[in-house]
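Encoded as structure tokens, the structure appears first; notes follow it.
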Amino acid sequence: MTGTNTGISPAESGVATDMDRAAHSSAPGGLVKSVVELDRVVIRLAGDSGDGMQLTGGRFTSETASFGNDLSTLPNFPAEIRAPTGTLPGVSSFQLHFADHDIMTPGDAPDVLVVMNPAALKANLVDLPGGGLLIADSDEFTPRNLAKVGYASNPLEDGSLDKWQLVSVPLTSMTTDALADSGLGKKEAERSKNMFTLGLLSWMYHRPTEGTIRFLERQFRRKPQIAAANIAAFRAGFNYGETTEAFAVSYEVKPAPMAPGRYRHISGNQALAYGIVAAGQRSGLPVFLGAYPITPASDILHELSKHKSFGVRTFQAEDEIAGIGAALGASFGGALGVTTTSGPGVALKAETIGLAVMTELPLLIVDVQRGGPSTGLPTKTEQSDLLQALFGRNGEAPVPVIAPRSPGDCFDAALEATRIALTYRTPVILLSDGYLANGAEPWSIPAVDELPDLRVEFATAPNGSAEDGTEGQFLPYLRDPETLARPWALPGTAGLQHRIGGLEKADRTGNISYDPANHDFMTRTRQAKIDGIAASIPATEVDDPDGDATVAVIGWGSTYGPIGAACRRIRASGRSVAQVHLRHLNPLPADLGDILARYDQVVCPEMNLGQLALLLRAKYLIDVHSHTQVRGLPFRAAELAAVLQDVIDSTGTTPTAAPLEAASNGAVL
Amino acid sequence: MTATPHVHDLGMPDVTTVSGAIDASIAANGPKQTELKAKDLKTDQEVRWCPGCGDYVILNAVQSFLPSLGIAREDMVIVSGIGCSSRFPYYMNTYGMHSIHGRAPAIATGLAASRPDLSVWVVTGDGDALSIGGNHLIHTLRRNVNLTILLFNNRIYGLTKGQYSPTSEVGKVTKSTPMGSLDHPFNPVSLALGADATFVGRAMDSDRKGLTDVLRQAAEHQGTSLVEIYQNCNIFNDGAFELLKDPTTGPMWTIPLVHGEPLVFGPGGASCVVRDDFGGLRIAETNQVDASQIVVHDAHREDPSYAFALSRLSSQDLRYTPMGVFRKVSKPSYDRMMADQLEDAAAQEPADLDALLTGADSWTVSA
């Protein structure tokens, strides 16, 4: 999605629009081809893990982004690096939704499915609506490959795919034919079939091709023969589309109107890493990342490791505990300490997060959530670490928690998490998830000098007197009256030597204290400090364009897109609904209770079993309607819209509303 | 920051710029005071170890010798874990962090790697370093981060009131092992050498001179130094090192390690160390071997096998225990190499946030 435009878009509202305007053009050889204009397309590429589907999808995304469409992506791949070739567990897919208008999701279901082998067909066909375009690499539908996934006969030939528009193309052999003179062996040449496919799709959707050619030259600059082969395959695919009779139609999706400015496409993990670099630059602090490799967070470690010129230190630790420990040690020395992980890693880091709570040092903990519990679903998305983030520590250990809502928003969320950590001298947990991490969207590139000013003031002089009245003492736990933050005195600063640690501190001096009244006071003070952050959070935005909604839907994190798309459908059907999306999960915005109390019903969709709903019920005594799903995939907008419709209609308002199904006219978002 | 002339070469790089904000904050504080006395390192906190604990002796030794290093006390940071020894930072007027069980080496690594201008120390115990924190210890040693680890080994869990530890001898009867412990103990020096530690030493709490000598060499070493300090817990494991402390038996069973000197020990130099037939070392009677067969101690050998063989001369019952510096070799330290990579990266490509955010494939939408 692009920016905060939440205006109704025809396609995402589900209302059918007569956008299709056919034109005809003459291709070389006199073949007459028509061009159909579409407002949006959802394409899914599926193949074996070794077929390069993620790379192909990524390139198609780049072409689409630079063409100016709005877009949203959903990579979906197995945890195994290379499951046995041609089997169902080895299927990897990439879904891209692009449009001539603002969109919010990668699409509920594909309009076009490209399958590179029988396993990909078997795993994905269920999602392709009847009538959808199905492109299959016929070369890979061999008896052996068919047998691997239990096809008794070849579905490309036995009529079982009649309800779809099937185009059977020998992608592999056309690739090897195109590369016959490349000097590459057959096996090597075959590996370029993904680029042939990309070329074909690029022709089909009028994508610009220069970017991919530049990319291939860059990617294989040390292997010019491979670069040349891939470029040749890419061009051959494009030319095949132009000349073949198999594809009589190509499609045009016009650029989406976007606010003036510079754009790029960006994934969540990339945006998060850039946000951390920017936070270091804007705070003037050196970034220190302590991390242990874990899916789906490792890409942040990889990305930050490239940016040493910004003074970013990355430390690949021996384990999750050392990762956060080193980050906290660096924070003690005045760095912006960061650790990145996923749910299992947060479990291991819990004790050190508690130490950071106790020592009141700034620390950024990024949890790119995945399916759980335990090892769970490493490559799939979920939002089930909310309660772990809030409460997964011994003792009363309050930690601010914030969550980005889209891939690009990960950048801003990193800056906001850093602001809180530095201002309030506290660890902060940022909850991203697998869908945000790997998904991509166009991103409006921010102006560097308009980013928040995150500079901090370190303690440089004594700040009080000892209990016996001795002047010129440094009191490490003397608090700022407004933020309740304690001073940050860096090792190396003379006269401010002090000791901190995990034992309870005496107020002001920070000395060890077992005094009952002091512990009670300090426990409440630590809580009050975190609660007080709410004063720095902007008022909650309520998106209710009609202004008369009696039902509100509340979400957090990556469900923003699907919930937003569902709300558009609801509004297009003549109903009203208010959307509230939380960035701050702890503390919650101060006005949230009053806002939610205005509605007859509050619906809370989550990719867990109702964790935010539990919090809202406990905190505001509101009978929240929890709608949950843990399939490892984002919500489908149509399903959410149906849930919302049921709730709205059962509250007995908006009698003029049309049935949702009729309004949506079968369109998918 | 003001460059500080150190009395000793601590192997610490001359760091002129740490980072703008940190640098400015420290510089605002004025010149460094590097001439200290022992009392300058004491805090106003009452020392709360049991009366008679070996930790007092170690604290005194450290406070007495540290001023001779010529490091300002604000440039020293002591990080500890959990256990009796880990209360150490509270009694030192330096910067300090009393952290969580076993994690001090990890925390100190982050601090030392990001602040090469500091002198970072870890104080830990046998349970803290070798049991719950074993993983961090070995990885810190192999990385060779510039920090000094003091491992107080009392061969018992003191703070939890007397369970056996990973260095307790087999058969140790404790509250958790009424019929005797079953686990084979670690030899901390062997463990450290197995992790390719660049500096490994051992000293006795009550031996002020020997302890000070090993500590000084450890502090001067660039990279990770590990010093095992035998420390008596007079409450739960009293007399654990008596064999080595006793004026009669001590000289019989202690092998003093002096670089460049032949390994001869015992009353009248009656015992010595010679090579065995398998490439290791063994104890011999001095009058039974030719002087040329006696091993001359070389702490600087690149190959850690020799130092490891030395560490294997002693057994669980502490007979034939080498004391002193086992190994001291020079390798680039992690923090220095990390700083070098940052400098190289900055020289190759200046930091430009706008260029980073814009990337290679941006496009512009006009009004």
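What the table shows:
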| item | result |
| --- | --- |
| Total residues in the stretch A:413-443, condition in a helix (DSSP H, G or I) and basic (Lys, Arg) | 1 |
| Filter result for A:Thr197 (away from chain B (no Cβ under 14 Å), touching a Lys or Arg at 6+ places or on another chain (Cβ under 6 Å) and either surrounded by fewer than 19 Cβ atoms within 10 Å (Cβ to Cβ) or modelled with pLDDT of 95 or more (or both)) | no |
| Residue count for the stretch A:630-669, restricted to those that are among the aliphatic types (A, V, I, L, M), at pLDDT 60 or above and not in a helix (DSSP H, G or I) | 3 |
| Residues satisfying the stated conditions in the stretch A:367-403, i.e. part of a helix (DSSP H, G or I) and either among the acidic types (Asp, Glu) or over 24 Å from the mean Cα position of the chain (by Cα) (or both) | none |
| Which listed residue is over 30 Å from the mean Cα position of the chain (by Cα), open to solvent by less than 50 Å² (accessible area, probe 1.4 Å), away from every other protein chain (no Cβ under 14 Å) and of a type in the set (Ser, Thr, Tyr), from A:Thr509, A:Thr523 | A:Thr523 |
| Residues of the stretch A:69-123 that turn out to be within 25 Å of A:Asp139 (Cβ to Cβ) and assigned to a loop (DSSP other than H, G, I, E, B), as a count | 14 |
| Enumeration of residues in the stretch A:273-298 that are more than 13 Å from chain B (Cβ to nearest Cβ) and not hydroxyl-bearing (Ser, Thr, Tyr) | A:Pro293, A:Ile294, A:Pro296, A:Ala297 |
| Selection within the stretch B:292-324 - of a type in the set (Gly, Ala, Ser), within 19 Å of B:Gly269 (Cα to Cα) and assigned to a loop (DSSP other than H, G, I, E, B) | B:Ser314 |
| Residue in the stretch B:84-103 that is over 24 Å from A:Gly333 (Cβ atoms) and in contact (Cβ under 8 Å) with a residue 12 or more places away in the chain present | yes |
| Some residue of the stretch A:2-19 being modelled with pLDDT under 95, under 22 Å from A:Leu198 (Cα atoms) and among the charged types (D, E, K, R) | no |
| Condition met for B:Ala360 (open to solvent by 70 Å² or more (accessible area, probe 1.4 Å), within 14 Å of chain A (Cβ to nearest Cβ), more than 30 Å from B:Asp117 (Cβ to Cβ) and in contact with a Pro (Cβ under 7 Å, 6 or more places away or on another chain)) | no |
| Residue within the stretch A:116-134 that is buried (at least 23 other Cβ atoms within 10 Å of the Cβ), among the β-branched types (Val, Ile, Thr), on the phi < 0 side of the Ramachandran plot and at pLDDT 95 or above present | no |
| Candidate set: the stretch B:309-336, residues that are open to solvent by less than 50 Å² (accessible area, probe 1.4 Å) and among the small types (Gly, Ala, Ser); chosen: the one nearest to the other protein chains (Cβ to nearest Cβ) | B:Ser333 |
| Residue within the stretch A:195-204 that is of a type in the set (Phe, Trp, Tyr), farther than 20 Å from A:Asn117 by Cβ and not in a loop (DSSP other than H, G, I, E, B) present | yes |
| Residue check for A:Ser62: crowded, with 23+ Cβ neighbours inside 10 Å and in contact (Cβ under 8 Å) with a residue 40 or more places away in the chain | no |
| Strands (runs of 3 or more DSSP E) lying entirely in the stretch B:218-283 (those with 2 or more residues that are of a type outside the set (A, V, I, L, M, F, W, C) and open to solvent by 20 Å² or more (accessible area, probe 1.4 Å)) | B:254-257, B:271-275 |
| Strands (runs of 3 or more DSSP E) (entirely within the stretch A:556-629) containing at least 2 residues that are on the phi < 0 side of the Ramachandran plot and open to solvent by 20 Å² or more (accessible area, probe 1.4 Å) | A:625-628 |
| Yes/no for B:Gly210 being surrounded by fewer than 24 Cβ atoms within 10 Å (Cβ to Cβ), assigned to a loop (DSSP other than H, G, I, E, B) and over 14 Å from the mean Cα position of the chain (by Cα) | no |
| Out of A:Pro452, A:Pro446, A:Pro462, sole residue that is open to solvent by 20 Å² or more (accessible area, probe 1.4 Å), more than 13 Å from chain B (Cβ to nearest Cβ) and either at pLDDT 95 or above or not in a helix (DSSP H, G or I) (or both) | A:Pro452 |
| The stretch B:191-207, subset open to solvent by less than 10 Å² (accessible area, probe 1.4 Å) and not hydrophobic (A, V, I, L, M, F, W, C), residue farthest from the chain's Cα centre (by Cα) | B:Asp205 |
| A:Gly334 in contact with a helix residue (DSSP H, G or I) (Cβ under 8 Å, 6 or more places away or on another chain), within 11 Å of another protein chain (Cβ to nearest Cβ) and at positive phi | yes |
| Matching residues, the stretch A:146-167, being surrounded by 14 or more Cβ atoms within 10 Å (Cβ to Cβ), within 20 Å of A:Asp48 (Cα to Cα) and over 34 Å from the mean Cα position of the chain (by Cα) | A:Leu146, A:Tyr151, A:Asn154, A:Pro155, A:Leu156 |
| Test: residue in the stretch B:337-357 that is open to solvent by 80 Å² or more (accessible area, probe 1.4 Å), away from chain A (no Cβ under 14 Å) and among the small types (Gly, Ala, Ser) | no |
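One line per residue, one yes/no per condition, for (1) in contact with a Lys or Arg (Cβ under 9 Å, 6 or more places away or on another chain); (2) more than 18 Å from B:Arg48 (Cα to Cα); (3) in a strand (DSSP E or B):
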site	(1), (2), (3)
A:Leu475	yes, yes, no
A:Pro481	no, yes, no
A:Ala485	yes, yes, no
A:Leu490	yes, yes, no
A:Thr493	no, yes, no
A:Tyr514	no, no, no
A:Asn518	yes, yes, no
A:Phe521	no, yes, no
A:Arg526	no, yes, no
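The values are calculated or read from the model by the stated rules, or taken from the named source; none is laboratory data. Model, not experiment: these values are computed from the prediction. Every residue, glycine as well, gets a Cβ built from its backbone with ideal geometry; the counts of neighbours run over all protein chains shown. When the accessible area is computed, the model is the full protein with side chains, heavy atoms only, and any ligands, DNA or RNA have been set aside. Shrake-Rupley method; radii C 1.70, N 1.55, O 1.52, S 1.80 Å.
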